[in-house]
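Just so you know, all these numbers are worked out from the coordinates, no wet-lab data involved. These numbers were taken from a predicted model, which means no experiment stands behind them. Methodologically, a virtual Cβ is constructed for each residue, glycine included, from the backbone with ideal geometry; neighbour enumeration extends over all protein chains shown.
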Amino acid sequence: MAEVELEHGTDDETRDMAQKIIDAQKEDIAEMTAMLDRMGVEVPE
């Protein structure tokens, strides 16, 4: 949903929030991927 907002949205405040959401989720995904790797669990794509 946040990606759609960045593609089509025109409100600067909403677009800023969408970018912050995307950035935070990317950090969460990287953290989870690293944890799974440490545990020896195959990371799904």
For the chain, the dipole about the Cα centre with charges only on Cβ (Lys and Arg +1, Asp and Glu -1), to the nearest 20 debye, works out at 200
Can you give the extra length, in nm with one decimal, that the chain gains between residue 17 and residue 35 once fully stretched, where that is 0.36 nm per residue apart less the Cα-Cα distance? 3.8 nm
Taking the Cα atoms only, what angle lies between the long axis of helix 12-39 and the longest principal axis of the chain, rounded to 10 degrees? 0
Lys/Arg Cβ at +1, Asp/Glu Cβ at -1, dipole of the chain taken about the Cα centre: which of 18, 44, 6 is farthest positive-ward? 44
Whole-percent pair-distance distribution, where bins are 5 Å wide, for the alpha carbons of the chain: 5, 23, 20, 13, 13, 11, 10, 5, 1
